[in-house]
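Chemist: The structure is given below, and queries will be raised subsequently.
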Amino acid sequence: MKTFSLPYGKEHCTLTVPDERLAGVLLSRAHEYKATKSEDELVADALANPIGSPKLSELAKGKKRCVIISSDHTRPVPSHVIMPQLLRELRTGNPDIDISILVATGMHRPTTQEELVAKYGEAIATKEKFIMHVSRNDEDMVSIGTLPSGGECLINRAAVEADLLIAEGFIEPHFFAGFSGGRKSILPGIASKVTVLANHCAEFINSPYARTGNLENNPIHRDMLYAAKAAKLAFICNVVIDADKKVIAAFAGDREKAHEAGTAFEMKLAGVAPVPADIVVSTNGGYPLDQNIYQTVKGMTAAEATCKEGGVIVMVSACEDGHGGEDFYRILKDSTNLQDTMNTILARKRNETVFDQWESQILLRILLKHDVIMVTKAPQQMIEDMHMHYTDNIEDAMAMADAILAKRGVTDGSVTVIPDGVSVIVK
């Protein structure tokens with residue numbers, strides 16, 4: 001028997017798989033990569049040696065107002081490591097500079113004060129100025145141009161009015177933007193709902209280039225690059241983290257060059273070959289990435305990429321915040337025929353995109369090929385409303401998967417395990 005400790009919220013659950021049934025384990029090499037320096041030293045080195053850019057302290061000179069875009073509570077960015085150094089660099093170059101931290105919520109709910117303290121530490125959370133981005137507040141948005149896709153590029157006014165705009169973030173595989181980090185701080189991070197909806201249209205989500213780990217010819221990435229340039233994003237500090245959410249590498253400097261260096265590093269660690277199996281067990285990497293079903297779709301796509309047609313995906317994700325998007329939930333709940341619902345979404349033009357349809361579209365794509373069993377703390381009715389199977393423990397999930405496969409004539413089905421589904425790129 002092989003035993004796996006799978007991240008589940010702020011805890012772990014234990015999965016055992018008989019040796020003869022285990023097809024393979026897909027694991028990012030980031031989890032075994034050992035940095036030779038501390039987290040603080042890695043970030044400090046990146047800031048001291050920026051890629052394609054002057055140092056941040058130099059950029060701060062003569063500037064009046066700086067806005068630092070920072071990821072929200074749904075992202076495991078170690079802001080308690082990065083933010084103090086960004087603030088120190090800025091104030092070293094310009095002690096009088098006015099600094100605000102703009103929380104890039106994208107289309108998510110606002111971050112609470114308790115979450116700010118957990119993310120930045122008490123001192124920064126209480127002493128620095130924070131601005132909470134709310135994508136649905138039209139009065140807070142300013143147009144900065146037209147995206148390559150044709151949508152209007154509207155972003156938060158605070159970013160537009162800054163004379164120095166920088167961003168912190170982290171680089172991980174992303175299930176339709178290719179990778180997180182870099183330009184994503186702008187779109188969707190601080191963009192209007194109008195701009196996000198145009199960028200996340202059915203046509204783009206359906207593109208074979210809008211996939212994990214791919215930037216080439218990716219229409220979503222192309223829009224994001226434009227938005228970052230139009231917003232005059234001057235400097236980024238992005239990190240790569242391991243399974244314990246610890247910094248193992250840092251990249252700072254030009255918004256595109258530093259991000260490219262980071263994605264190249266991440267690809268070397270995260271890229272894995274598929275190991276097809278009848279049952280694929282995946283996770284969303286634990287807290288904070290498995291707070292809701294919406295985010296959990298990301299970890300499902302890793303399983304989708306290696307699950308046999310008609311196979312079963314077992315998704316281990318706490319989802320203590322529930323579905324994570326009312327529109328996302330309703331699209332699935334109101335569906336009486338999954339293929340008809342998918343066809344309706346695919347027929348929508350870019351300017352007809354509705355809230356959360358992209359997440360619904362990807363989940364529908366998965367459900368049309370696979371049964372999905374959720375090991376979760378979310379309500380059973382909610383899971384079943386969304387056309388998935390519910391259980392609160394991994395043992396029952398594996399038994400359910402076997403029962404589903406048995407009805408299809410498959411006994412002792414093969415199993416592939418992905419201990420952290422959001423950290424791998426299944427090539």
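The values are calculated or read from the model by the stated rules, or taken from the named source; none is laboratory data. Model, not experiment: these values are computed from the prediction. All Cβ positions, glycine included, derive from the backbone under ideal geometry; neighbour counts span all protein chains shown. Only protein heavy atoms, including side chains, enter the accessible area calculation; ligands, DNA and RNA are left aside. Shrake-Rupley method; radii C 1.70, N 1.55, O 1.52, S 1.80 Å.
Chemist: Would you report the distance distribution of C-alpha pairs in region 74-165 as whole percents per 5 angstrom bin, up to the bin with the largest distance?
Modeler: 3, 11, 19, 21, 19, 14, 8, 3, 0
Chemist: Here's a follow-up. Amide H of His174 versus every other amide H placed in the peptide plane: which residues, excluding those fewer than 5 positions away on the same chain, fall under 5 Å?
Modeler: Amide H neighbours of His174: Phe179, Ser180, Gly213.
Chemist: A follow-up question, please. Might you report the magnitude of the Cβ-based charge dipole of region 14-151 about its Cα centre, with Lys and Arg at +1 and Asp and Glu at -1, to the nearest 20 debye?
Modeler: 340
Chemist: If you take the charge dipole of region 333-427 about its Cα centre, with +1 on Lys and Arg Cβ and -1 on Asp and Glu Cβ, which of His389, Val415, Leu346 is farthest toward its positive end?
Modeler: Result: Leu346, furthest along the dipole toward the positive end.
Chemist: Compute the FRET efficiency between Thr146 and Thr336 as 1/(1 + (r/R0)^6), taking r as their Cβ-Cβ distance and R0 = 45 Å, and round to the nearest 0.05.
Modeler: Rounded to the nearest 0.05, the efficiency is 0.75.
Chemist: Distances longer than 15 Å among the Cα atoms of region 328-382: what percent of all pairs is that?
Modeler: In whole percent, the share of Cα-Cα pairs in region 328-382 beyond 15 Å is 51.
Chemist: Given charges of +1 on the Cβ of Lys and Arg and -1 on the Cβ of Asp and Glu, with all other atoms neutral, how large is the dipole of the chain about its Cα centre, in debye to the nearest 20?
Modeler: Value, rounded to 20: 1160 debye.
Chemist: For region 303-407, treating each Cα as an identical point scatterer without solvent, what Debye log10 I(q)/I(0) comes out at q = 0.12, 0.18, 0.23 1/Å?
Modeler: For the requested q values the scattering log ratios are -0.42, -0.90, -1.32.
Chemist: At q = 0.22, 0.30 Å⁻¹, what log₁₀ I(q)/I(0) does a Debye calculation on the Cα points of region 258-299 give, no solvent, two decimals?
Modeler: These q points yield log10 I(q)/I(0) values of -0.93, -0.93.
Chemist: What fraction, in whole percent, of alpha-carbon pairs in region 95-216 exceed 25 Å separation?
Modeler: 28
Chemist: Express the carbon and sulfur contribution to the solvent-accessible surface of the chain as a percent, rounded to the nearest whole number, probe 1.4 angstrom.
Modeler: Result for the chain: 49 percent of the exposed heavy-atom area is carbon or sulfur.
Chemist: Then there's this: Largest first and in whole Å, give the semi-axes of region 94-139's equivalent ellipsoid, each being the square root of 5 times a Cα gyration tensor eigenvalue.
Modeler: Working through the eigenvalues yields semi-axes of 21, 16, 7 Å.
Chemist: Moving to a separate point now. Could you sort the peptides 31-42, 291-302, 87-98, 372-383 by per-residue average Cβ neighbour count (10 Å cutoff), highest mean leading?
Modeler: In descending order of packing, they fall as 291-302, 372-383, 87-98, 31-42.
Chemist: What net charge is computed for the residues neighbouring Gln113, neighbours being all others with C-beta under 11 Å from the C-beta of Gln113, Lys and Arg scored +1, Asp and Glu -1?
Modeler: That sum, taken over residues with Cβ under 11 Å, equals -2.
Chemist: Report ³J(HN,Hα) in whole Hz for each residue of region 284-294, in order, from the Karplus equation J = 6.51 cos²θ - 1.76 cosθ + 1.60 where θ = phi - 60°; Gly and Pro get x.
Modeler: 9, x, x, 5, x, 6, 10, 6, 8, 5, 3
Chemist: Provide, as a two-decimal number, the C-alpha radius of gyration of the chain over 2.2 N^0.38 Å, N being how many residues it has.
Modeler: So the chain has a normalised radius of gyration of 0.97.
Chemist: Continuing with this model, one more query. Provide the net charge surrounding Gly189, with neighbours chosen by a C-beta distance below 12 Å and charges set as Lys +1, Arg +1, Asp -1, Glu -1.
Modeler: So the environment of Gly189 carries a net charge of +1.
Chemist: Out of residues 5 or more away from Leu164 or on other chains, whose amide H comes under 5 Å of its own, with H placed 1.01 Å from N in the peptide plane?
Modeler: So Leu164 has HN proximity to Arg65, Val67.
Chemist: If you don't mind, another one. Taking Cα centroids, how far is region 309-377 from region 225-283 in Å?
Modeler: Spelled out, the Cα-based centre of one part sits 25 Å from the other.
Chemist: Which three numbers, in whole Å and largest first, are the semi-axes of the equivalent ellipsoid of region 1-148 derived from its Cα gyration tensor as √(5λ)?
Modeler: In descending order the semi-axes read 37, 22, 17 Å.
Chemist: Rounded to whole Hz and in sequence order, give me ³J(HN,Hα) for region 414-427 from the Karplus expression 6.51 cos²θ - 1.76 cosθ + 1.60, θ = phi - 60°, writing x for Gly and Pro.
Modeler: 6, 10, 10, 10, 10, x, 9, x, 8, 9, 10, 10, 7, 6
Chemist: Let me ask you something else. Pull up all non-local amide H partners of Ala249: gap of 5 or more, or a different chain, and H-to-H distance under 5 Å with H placed in the peptide plane.
Modeler: Residues meeting the amide H criterion: Val240.
Chemist: Given the options Gly311, Cys237, Gly299, identify the residue whose Cα lies farthest towards the positive end of the charge dipole of region 203-339 (+1 on Cβ of Lys, Arg; -1 on Cβ of Asp, Glu).
Modeler: Ranked along the dipole, the leading option is Cys237.
Chemist: Got a sec? Charge dipole of the chain, +1 on Cβ for Lys and Arg, -1 for Asp and Glu; which of Ile51, Ser71, Gln361 is way out at the positive end?
Modeler: Ile51
Chemist: In µm²/s, what is D for region 178-217 at 10 °C and 1.306 mPa s, where D = kT/(6 pi eta Rh) by Stokes-Einstein and Rh is the Kirkwood radius from Cα pairs?
Modeler: 146
Chemist: Could you state the orientation-averaged shadow area of the convex hull built on the Cα atoms of region 290-345, in nm² to one decimal?
Modeler: 4.5
Chemist: Suppose the Debye formula is applied to equal point scatterers at every Cα of region 255-365; what is log10 I(q)/I(0) at q = 0.14, 0.21 Å⁻¹?
Modeler: -0.74, -1.19
Chemist: Taking the C-alpha atoms of region 158-271, how large are the radius of gyration and the largest Cα-Cα span, Dmax, in Å?
Modeler: 13.7, 40
Chemist: Just the ratio, please: alpha-carbon radius of gyration of region 232-277 over 2.2 N^0.38 Å, N its number of residues.
Modeler: 1.41
Chemist: I've got another one for you. Could you rank Val142, Val424 by how accessible they are, 1.4 Å probe, largest area first?
Modeler: Val142, Val424
Chemist: Which ³J(HN,Hα) values, rounded to whole Hz and listed in residue order, are derived for region 347-359 from phi using the Karplus coefficients 6.51, -1.76 and 1.60 in 6.51 cos²θ - 1.76 cosθ + 1.60 with θ = phi - 60°, glycine and proline given as x?
Modeler: With coefficients 6.51, -1.76 and 1.60, one gets 7, 6, 7, 4, 7, 10, 4, 10, 3, 6, 5, 5, 5 Hz.
Chemist: Find the accessible area per residue for the chain; the probe is 1.4 Å, ligands and nucleic acids are left out, and the unit is Å².
Modeler: Accessible area per residue: 39 Å².
Chemist: Of the beta bridges DSSP finds with both residues in the chain, what % are antiparallel, to the nearest 5?
Modeler: Here the antiparallel bridges make up roughly 30 percent for the chain.
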